Amino acid sequence: MKLQKPNDVMLQVSMRVITLFIFAFSFYLFLAGHNNPGGGFIGGLMTASAILVLYLAFDMKTITKAIPFSFTTMIGVGLLIAVATGIMSMLFGYPFLTHFFDYFLFPLFGEVELTTALFFDLGVYLVVVGAAMTIILAIAEDDK
Amino acid sequence: MSNLVILPIIIPFIIGAVLIIFAKHHRLQRVISGFTAVGMLILTIYLAFLVYQDGNIVLEASNWPAPFGIVLVADMLATLMLLLTSIISTACLFFAFQTVSSDREKFYFYPFFFFLIVGVNGAFLTGDIFNLFVFFEVMLLSSYALIVHGGTKYQLRESFKYVIINVFASALFVVAVAWLYSVTGTLNMAHISQRVAELEQTGVINVIAILFFIVFASKGALFPLYFWLPRSYYGPPAAIAALFGGLLTKVGIYAIIRVFTLIFYHEPTFTHKGIIVTIAGFTMVLGVLGAVSQFDFKRILSYHIISQVGYMVMGLGIFTPLAVAGAVYYIVHHMIVKTALFLFAGATERITGTTDLRKMGGLIKTHPVLAWLFFISAISLAGIPPFSGFFSKFPIILAGFQEGQHVISGIALLVGLLTLFSMMKIFSYAFWGKQKHTSEQAKTPIGKLLLPIVPLVALTIILGIAAEPIFQYSLLVSEQIMDPSIYIESVLKE
């Protein structure tokens with residue numbers, strides 16, 4: 001059978017919009033973290049799924065061009081960020097991984113809780129995105 | 001509170017993460033990992049010295065007080081194991097520099113190597129039973145990656161079994177932890193120990209104890225759960241096999257020793273002198289019989305791991321200070337000598353291109369230094385004085401006779417004889433006899449390969465000649481772990 005050029009204009013156009021929403025929601029989940037359902041792991045998985053949808057709609061080359069860094073490097077950076085938050089508390093003389101939080105008043109947002117645990121979550125987020133994408137792409141590339 | 005205790009866990013962690021980023025620069029990877037390994041060696045020596053001088057160091061991670069948060073406890077046993085880990089990992093790493101091909105290096109060999117160390121060090125240091133599970137998983141996940149590293153057909157087939165048995169054992173581990181938690185209501189090991197002492201070790205707690213024993217026995221390759229070991233350790237390159245052979249099963253044994261001296265020590269006639277000693281006997285005999293029947297360098301060594309793990313558990317089972325000190329000494333001796341022997345297997349494989357003993361011969365003529373260094377390690381393993389093997393078996397067997405455990409002590413002596421027989425089999429096949437490798441192979445230079453092994457051989461000689469101070473140290477370790485109140489007081493500060 002002759003392979004036809006796929007007609008996926010609808011998919012590509014709609015995905016461009018939908019991924020924005022998925023990204024936004026995953027970022028919300030990431031920030032919701034430590035007090036509500038959410039956090040780095042779930043946010044990371046959802047971001048990975050958003051990137052994956054892009055891979056489905058477009059082809060590999062386009063997306064690789066759009067995302068110019070390797071996902072394995074992302075795992076390394078994520079691990080370093082996570083462990084760095086632990087080490088920061090060591091530098092101030094507290095036990096490893098001690099976390100702090102306080103409430104700040106911002107214009108427009110009102111009172112916001114800021115925590116150091118967020119940076120740890122950021123590390124987890126990067127590791128999860130990196131690991132999920134590495135696994136999926138490794139399996140996808142097997143076809144060739 | 002001292003953050004020093006966390007360093008053996010986070011330094012390899014950071015280096016592992018950095019090495020992921022520099023995965024494609026293999027020279028840079030070697031430099032970074034080499035310096036880290038040596039740095040870890042210095043750090044663990046310092047830590048062991050500090051604990052020896054000032055007593056246990058405890059860190060309450062995240063500043064949550066025990067028993068609510070996770071604690072890290074560096075006592076004498078833990079720091080001794082840390083020190084051994086860094087000695088072995090340094091030797092294996094420098095051996096890997098010369099033997100692991102650069103293709104494999106690029107596929108994240110060094111990051112996984114360091115994450116394995118993270119898991120092992122974490123398992124030694126943690127004072128929380130669920131955290132112990134977590135670090136076991138860190139160690140196992142890295143070991144899965146390392147054991148299939150290179151991806152030959154044999155490796156994939158055999159490591160599948162390795163993965164299956166370990167995943168199953170990990171599931172059992174979680175069940176055991178959950179059960180223990182439902183009975184005692186805590187996960188902190190010191191706190192569990194207190195609660196178990198209050199509850200008295202009867203009925204359900206004995207069942208949980210046996211469940212933990214089964215879990216750690218399958219990780220530590222005890223009878224009847226050792227079948228995965230000889231075949232899966234045969235596949236990977238010598239540096240990885242040496243690291244696994246020296247290190248991984250001993251983490252399981254460490255966990256058995258920790259759990260059965262700190263938590264489940266109230267019914268020694270049932271758990272220790274009954275079950276553990278019986279299992280130790282079977283493990284020793286069947287392991288050594290497996291070794292005697294083999295004709296492959298690496299396989300003989302792998303079967304010997306099994307039989308010698310039996311000695312360590314036997315020392316614990318007899319459960320007197322002398323016997324436990326013997327077990328500790330045996331772990332020290334075994335980790336060093338076993339790693340050296342696996343590395344020798346790698347060096348001879350480099351020369352002859354095979355590990356089949358029937359295809360080797362006459363190495364003593366072409367490579368005399370290799371042959372005599374191997375000879376020292378081999379008779380040390382078999383327990384010939386004045387090397388470390390003799391001084392580590394002696395207290396265990398002596399304590400066995402003192403306690404009236406004549407059968408197991410007799411078995412231990414017989415197994416020592418068979419060990420000697422199979423080590424001499426390797427020596428006479430591979431090193432004596434007619435030269436079977438070509439004259440080109442005979443010119444293979446191995447001086448550089450021997451460099452990482454020589455310190456290990458020197459250590460086994462030192463451990464034998466300086467047996468007195470080192471045995472005093474193991475006796476201190478054993479007295480400390482036989483008295484759980486020291487551990488509990490340092491954690492809960494009562």
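The values are calculated or read from the model by the stated rules, or taken from the named source; none is laboratory data. From a predicted model like this one, the values you see are computed outputs, not experimental measurements. Using ideal geometry, Cβ is built from the backbone for each residue, glycine included, and neighbour counts are taken over all protein chains shown.
Brief remarks on what is shown
- Residue in region B:151-162 that is touching a residue at least 60 places away in the same chain (Cβ under 8 Å), on the phi > 0 side of the Ramachandran plot and surrounded by fewer than 17 Cβ atoms within 10 Å (Cβ to Cβ) present: no
- Residue within region B:21-34 that is surrounded by fewer than 22 Cβ atoms within 10 Å (Cβ to Cβ), out of contact with any Lys or Arg (no Cβ under 9 Å at 6 or more places or on another chain), within 30 Å of B:Tyr329 (Cα to Cα) and among the polar types (S, T, N, Q) present: no
- Residues that are closer than 19 Å to A:Leu122 by Cα and without any contact (Cβ under 8 Å) to a residue 12 or more places away in the chain, drawn from region A:6-27: A:Ala24
- Residues in region B:13-54 that are more than 14 Å from every other protein chain (Cβ to nearest Cβ) and among the aromatic types (Phe, Trp, Tyr): B:Phe35, B:Tyr46, B:Phe49, B:Tyr52.
- Filtering region A:96-115 for residues that are assigned to a helix (DSSP H, G or I) and either of a type in the set (Gly, Ala, Ser) or surrounded by fewer than 22 Cβ atoms within 10 Å (Cβ to Cβ) (or both) leaves an empty set.
- The one condition in (1) touching a helix residue (DSSP H, G or I) at 6+ places or on another chain (Cβ under 9 Å); (2) under 22 Å from B:Leu341 (Cβ atoms) that B:Ala466 fails to fulfil: (1)
- Sole exception among (1) under 21 Å from the mean Cα position of the chain (by Cα); (2) within 14 Å of chain B (Cβ to nearest Cβ); (3) of a type outside the set (D, E, K, R) for A:Pro95, by number: (1)
- So B:Ser478, is it in contact with a strand residue (DSSP E or B) (Cβ under 8 Å, 6 or more places away or on another chain), touching a residue at least 24 places away in the same chain (Cβ under 8 Å) and buried (at least 18 other Cβ atoms within 10 Å of the Cβ): no
- Unique match (being of a type in the set (Ser, Thr, Tyr), farther than 30 Å from B:His25 by Cα and within 12 Å of chain B (Cβ to nearest Cβ)) among A:Ser89, A:Ser49: A:Ser89
- Evaluation of B:Phe113 against the conditions (1) more than 10 Å from chain A (Cβ to nearest Cβ); (2) under 30 Å from B:Asp483 (Cα atoms); (3) in a helix (DSSP H, G or I) shows that the sole unmet condition is (2).
- Here A:Phe71 passes the criteria (1) touching a Phe, Trp or Tyr at 6+ places or on another chain (Cβ under 9 Å); (2) among the hydrophobic types (A, V, I, L, M, F, W, C); (3) more than 8 Å from every other protein chain (Cβ to nearest Cβ) except the one numbered (1).
- For region B:410-455, the tally of residues that are of a type in the set (Gly, Ala, Ser), under 30 Å from B:Lys273 (Cβ atoms) and either surrounded by 20 or more Cβ atoms within 10 Å (Cβ to Cβ) or in contact (Cβ under 8 Å) with a residue 60 or more places away in the chain (or both) stands at 3.
- Lone qualifier among B:Phe390, B:Phe394 - being aromatic (Phe, Trp, Tyr), over 22 Å from B:Arg299 (Cβ atoms) and at pLDDT 90 or above: B:Phe394
- Subset of region B:105-119 (residues that are out of contact with any Asp or Glu (no Cβ under 9 Å at 6 or more places or on another chain) and crowded, with 18+ Cβ neighbours inside 10 Å): B:Glu105, B:Tyr108, B:Phe109, B:Tyr110, B:Pro111, B:Phe112, B:Phe113, B:Phe114, B:Phe115, B:Leu116, B:Ile117, B:Val118
- The residue that is modelled with the highest pLDDT, among those in region A:54-83 that are surrounded by fewer than 16 Cβ atoms within 10 Å (Cβ to Cβ) and part of a helix (DSSP H, G or I), is A:Thr73.
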